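The values are calculated or read from the model by the stated rules, or taken from the named source; none is laboratory data. This is a predicted model, so every value here is computed, not measured. Please note: Cβ atoms are built from the backbone with ideal geometry, for glycine as well, and neighbour counts cover all protein chains shown. We work out accessible area using only protein heavy atoms, side chains counted, and drop any ligands, DNA or RNA first. Shrake-Rupley method; radii C 1.70, N 1.55, O 1.52, S 1.80 Å.
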Amino acid sequence: MSAALHLHSEAAGSHEHHGHHKQSFISKYIFSMDHKTIGKQFLITGIVWAIIGGLFSVLFRLQLGYPDQSFPILETIFGKWAKGGQIQPEFYYGLVTIHGTVLVFFVLTAGLSGTFANLLIPLQVGARDMASPFMNMLSYWFFFLAGVVMLASIFVHTGPASGGWTTYPPLSALRQAGDGQKIGTDLWLISMALFIVSSLLGGLNYISTILNMRTKGMSMTKMPLTMWAMFFTAVLGVLSFPVLLSGAILLLFDRNLGTSFYLSDIVINGEILPNEGGSAILYQHLFWFLGHPEVYIILLPAMGMVSEILSVNSRKPIFGYMAMLGSMFAIAILAFLVWAHHMFVTGLNPFLGSVFVLLTLLIAVPSAIKVFNWLTTLWKGNIRFTPATLFAIGFVSLFISGGLTGIFLGNSTIDIHLHDTMFVVAHFHIVMGVASFFGMFAGVYHWFPKMFGRYMNNTIAYIHFWVTMVGAYLIFWPMHYQGLAGMPRRYLDKRGWASFNQFGDVDKMITVVSIIVFAVQLMFVFNFFYSIFKGRKVTTKNPWGANTLEWTTEINPGHGNWEGEIPEVHRWPYDYSKDGRDFIPQTEPVGADESKH
Amino acid sequence: MQTIFVIAILVLGFIVTFQIAKASEYVAVLRGLETSRKQSNRINAALLLVFLIVGLIGVFYANAKLKGKILGAPASDHGVLVDRMLYVTLAITIIVFFVTQILLFWFSFKYQESDKRKAFYFPHNNKLEVIWTAIPAITLTILVGFGIFYWYKITGKAPKEAMVVEVVGKQFGWMYRYPGADKELGRKYFKNINAENNNPLGQIWEDGNNHDDVFVEQEMHLVVNKPVKLVIGAQDVIHSVGLPHFRLKTDAVPGTPTTMWFTPTKTTKQMKEETGNPDFTFELACDQMCGRGHWSMRGTIIVETQEEFDMWLASKKPQYLVANPDKDPSIKKDTVATPAPIAAVIK
């Protein structure tokens, strides 16, 4: 085994010599095969999409907060979509749909695991690059293409897809059902198909790199938890994304070729369709078979990075490494067995429902273990509040809050009331949306020095954290109450309803806060780009005093990562404050008199 | 003009913050990075504690402000079960919430970096880990047990004496059908649907059970304390029958009928008195994204006594007679010029 690894590292070493040939701008920055550059491409593309998705949410928040007000500037910009300065329903639903799709897939999947799996896997396991740098490059460019198609769909004359990010048929299968169900939905489906190809290319690469290309001494259980998180994420993606792809292709067939996979007994606008025998619920099974693992595809990388960052900055080993690993494994397995909890009210067989209640609530056990282990990691630490640490602490707080509301929704007896209400919106935005964003921010602040050899500005970073943290709770906490009142999600104007119109002031408050929070995200973006060129320079190889391998490379590592031999690993990555020493890097051999952990 | 003003202020704010941020970095370099890092460490640790305290107060404040806005007591027997499950879950989760959030922020504050202390090397402790695997597991077992017990009660078979009402959704409104005296809904076929020929549900007129079925739109009438079984369907896309006051919901799926049963326990009149709101109405909200009019897909429900209900139903003419006036004994045959076709035309 070790001989094989050695051989491999030599082969990779010769590859590195080629890497030092002069590269053109295009092969270095555009069609790059360097995992670090590809990671940055994913991140920057993700940021662009996050701005678009965030801006869309501000627009529909305007409508939700001020349904009776007219904003003439909207008509100037969007024309017929905002007639009279008011966001029209078709436009509203388009905004909601693209907001959801873009943030779930383009930002929190590609932008998060695409960025950090690419950047960190070779650096932390000790490899010169990914198993297949070429496939890795293709992965980014398929993602880019998916983005181009999605962007194009926003500009077609009937508007983008507007059936919600879940795109349930028959709504999404019938052109007659509305403007957003016309060409916009076809483009949405094509974009998703391209995106899935991208994530499969990436995922296969991450798995094979972690399994085959670890450096000498890096056994699986000596890997940082981030690597385990990326590994489970990739496995989830590779096993579940193809199912969504098949669902999307069947939907394209129903839309364009007259098949009846999802269609049966339909009369729309007085027109009787010939389809019989299809099942609309089939799509939901296919969708959520990806859709639920997707939640963990988004969360696990954040969990991994948070574990790493909390450990480094509290100068303590992560508490319960094996338990953390085991709970991630349990989450990964359970992720495949809970999809139907999104379907409790579809007329699902009640017995099946009860099985899914059991399996869903089971996930709370590994999640609880993780939370308690993070808390114990902080306990008796010596904590440095870098911006990354703060975002990691914020992640834990949000994960607790949002995780607990999951216990309500996972229980079908409560879900039968709260399903598809604002409670669900609050729940998944906190636990999946904002929490994962916090993990992503933590990662960006922590690894920025490795990516660009500079630091980001701390003052803006602290403002960014505090406004976002307070804002996230102000925005999403009150939504739980709206949901408890039964207020359905995706209602753009509640004034006609006796049961839901009592939240006008709350909606206004949420809108104002979300505009402020959005503005502060723009400050983050500015800080990010400014610091790439003008940030304070990093002067040491290991600015955080961390044990993992990426901090043994040069400040600005070239293609191939290490100039000489790839270092050998002798210990786990969490020897902080052991035997009176602040930190002991993984590369240091275990001393004879060292205490065991 | 106003918009430009707002944008100008935002941009200005941006520039000012940015300049301050840049200046503070220079100051930090001048004062020594280590000193200023320690200072910001103390500030952020203190802020975390402040956030905890203000946050906890905020939780109570939000609750005091907003709990009055959620709907009052449930108006159905199943709703009582749903609410009970909700409050049991709330009681457990709220303890976990307070304990973990307080520990998180308190540890962060208490164990902030200090030169006097070294971090404690504490990689694992099997006993602790077993404890906090076991406690959540036991708690969740209880919740699952309760949940499934109630779930079977709610989704179990409807009692025999339950009245049947059909609810059908279409873009963007609700239709209802009552079975009439024979207590059975007649069969239907979607290709018979023809609103112009007075057959909006596609009833098969040859089926005798259809002859006394009553069709109504927008407003559903139910009888207080009498179990009702809703037979739910949709004609075009998926809708969802959401009944916030009864705490129930079931999707309306084209091609796949679903059912849901419950017993309304309060009349509309009673609710008006209890809430002190003379305009009180039970509402039926579509909960599944169904197109541009989703947000306005509102139905209303009137819960009344058996006598009131019987009178209301008696005032409605069966749809069979509306669609086939020649069969209507109350209309003289010779006044009808051309009888409507029996089976509706298939388009």
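Brief remarks follow.
- Partner shielding of A:465-478 amounts to 2, given as the average count of beta-carbon atoms from other chains within 10 Å of each residue beta-carbon.
- Within segment A:125-171, all pairs of alpha-carbon atoms sorted by distance into 5 Å bins from zero give the percentages 5, 16, 14, 16, 14, 10, 9, 8, 6, 2, 0.
- Label-point separation, residue B:73 to residue A:498 (7 Å along Cα→Cβ), nm: 1.9
- At R0 = 45 Å, FRET efficiency that the Cβ-Cβ distance of residue B:137 and residue B:328 yields, to 0.05: 0.10
- Per-residue 3J(HN,Hα) values for segment A:572-586, derived from phi via the Karplus relation 6.51 cos²θ - 1.76 cosθ + 1.60 with θ = phi - 60°, read 5, x, 10, 7, 9, 6, 9, 6, x, 9, 4, 8, 10, x, 4 Hz in sequence order (x marks Gly and Pro).
- Accessible surface of residue A:257 - all protein chains present, 1.4 Å probe, nearest 10 Å²: 120
- Percent carbon-and-sulfur accessible area, the protein assembly as shown, ignoring ligands, DNA and RNA, probe 1.4 Å: 67
- Kyte-Doolittle mean at least -1.0, axial Cα span of 20 Å or more - DSSP H helices of chain B: B:2-31, B:33-66, B:77-110, B:126-155
- Under-5 Å amide H pairs with residue B:164, H placed in peptide plane, nonlocal only: B:229
- Rg(Cα)/(2.2 N^0.38 Å) for the protein assembly as shown, N = residue count: 1.01
- Per-q log10 I(q)/I(0), segment A:55-211, q = 0.09, 0.10, 0.13, 0.17 Å⁻¹ (Debye; single scatterer per alpha-carbon; no solvent): -0.38, -0.45, -0.67, -0.93
- Two tests apply to each whole DSSP H helix in chain A, Cα reach of 24 Å or more along its axis and mean Kyte-Doolittle hydropathy of at least -0.5, and the ones passing both are A:35-65, A:133-155, A:183-212, A:225-256, A:280-313, A:387-409, A:435-452, A:458-484, A:504-534.
- In a DSSP loop and with at most 16 other Cβ atoms within 10 Å, the trypsin sites (Lys or Arg not before Pro) in segment B:245-326 are B:316.
- All other residues whose Cβ lies under 15 angstrom from that of residue A:321 are scored, Lys and Arg at +1 and Asp and Glu at -1, for a net of +3.
- Residues losing 20 Å² or more accessible surface upon assembly, segment A:409-452, compared with the chain by itself, 1.4 Å: A:411, A:412, A:413, A:414, A:416, A:417, A:419, A:420
- Candidate aspartates and glutamates - alpha carbon under 20 Å from residue A:380, same-chain residues fewer than 8 apart omitted: A:308, A:575, A:579, A:582, B:113, B:115, B:129
- For segment B:1-142: rounded, prolate or oblate by the Cα gyration tensor [a/c cutoff 1.5]: oblate
- For chain A, the relative contact order is 16 percent, taking Cα pairs closer than 8 Å that sit 6 or more residues apart in sequence and dividing their mean separation by the residue count.
- The charge dipole of segment A:481-568, taken about its Cα centre with unit charges on the Cβ atoms of Lys, Arg (+1), Asp and Glu (-1) only, comes to about 640 debye.
- Counting every pair of alpha carbons in segment A:111-201, the share spaced more than 19 Å apart comes to 49 percent.
- Cross-link pairs exceeding 20 Å in C-alpha to C-alpha distance, out of B:229/B:269; A:450/B:38; B:153/B:229, comprise B:229/B:269; A:450/B:38.
- Accessible area in the full protein assembly, largest first, 1.4 Å probe, for B:106, B:205: B:106, B:205
- With N the number of residues in segment A:552-597, Rg(Cα) / (2.2 N^0.38 Å) evaluates to 1.39.
- Summing both sides, the accessible surface hidden between B and A at a 1.4 Å probe radius is close to 10600 Å².
- Average other protein chain Cβ within 10 Å of Cβ, residues A:273-285: 3
- Sorting the segments A:445-453, A:149-157 by their residues' average number of neighbouring beta-carbon atoms within 10 angstrom, most packed first, yields A:445-453, A:149-157.
- Packing-based ranking of A:168-174, A:418-424 yields A:168-174, A:418-424, ordered from highest to lowest mean Cβ neighbour count within 10 Å.
- Kirkwood hydrodynamic radius over Cα pairs of segment A:413-488, then Stokes diffusion coefficient at 25 °C and 0.890 mPa s, in µm²/s: 173
- The calculated FRET efficiency for the pair residue A:145 and residue A:257, based on their C-beta separation and a Förster distance of 30 Å, comes to about 0.80.
- Counting Cα-Cα pairs of chain B in 20 Å increments starting at 0 gives whole-percent bin shares of 20, 36, 26, 14, 3, 0.
- Within straight-line reach of residue B:317, meaning a Cα separation under 20 Å, sit the following lysines at least 8 residues removed in sequence or on another chain: B:183, B:188, B:327, B:332, B:333.
- Value of D in µm² per second that Stokes-Einstein yields for segment A:169-231, Kirkwood Rh from Cα pairs, at 10 °C (1.306 mPa s): 107
- Cα centroid separation - segment A:420-438 against segment A:100-160, whole Å: 22
- Scattering curve values for segment B:123-239, log₁₀ I(q)/I(0), Debye with Cα scatterers, q = 0.24 Å⁻¹: -1.35
- For chain A: accessible area per residue (Å², 1.4 Å): 31
- Per-residue average of Cβ from other chains inside 10 Å of A:313-324: 5
- Cα gyration tensor category, rounded, prolate or oblate, for segment B:190-331 with a/c compared to 1.5: oblate
- log10 of Debye I(q)/I(0), alpha-carbon scatterers only, for segment B:107-159 at 0.16, 0.19, 0.26, 0.29 Å⁻¹: -0.73, -0.82, -0.98, -1.04
- A cut-off of 5 Å between modelled amide H atoms, ignoring neighbours fewer than 5 places along the same chain, links residue B:248 with B:243.
- Radius 10 Å from Cβ of residue B:302, net charge of other residues (Lys, Arg +1; Asp, Glu -1): -2
- Candidates per trypsin sites (Lys or Arg not before Pro) in segment A:490-597, loop by DSSP, up to 14 other Cβ within 10 Å: A:495, A:541, A:596
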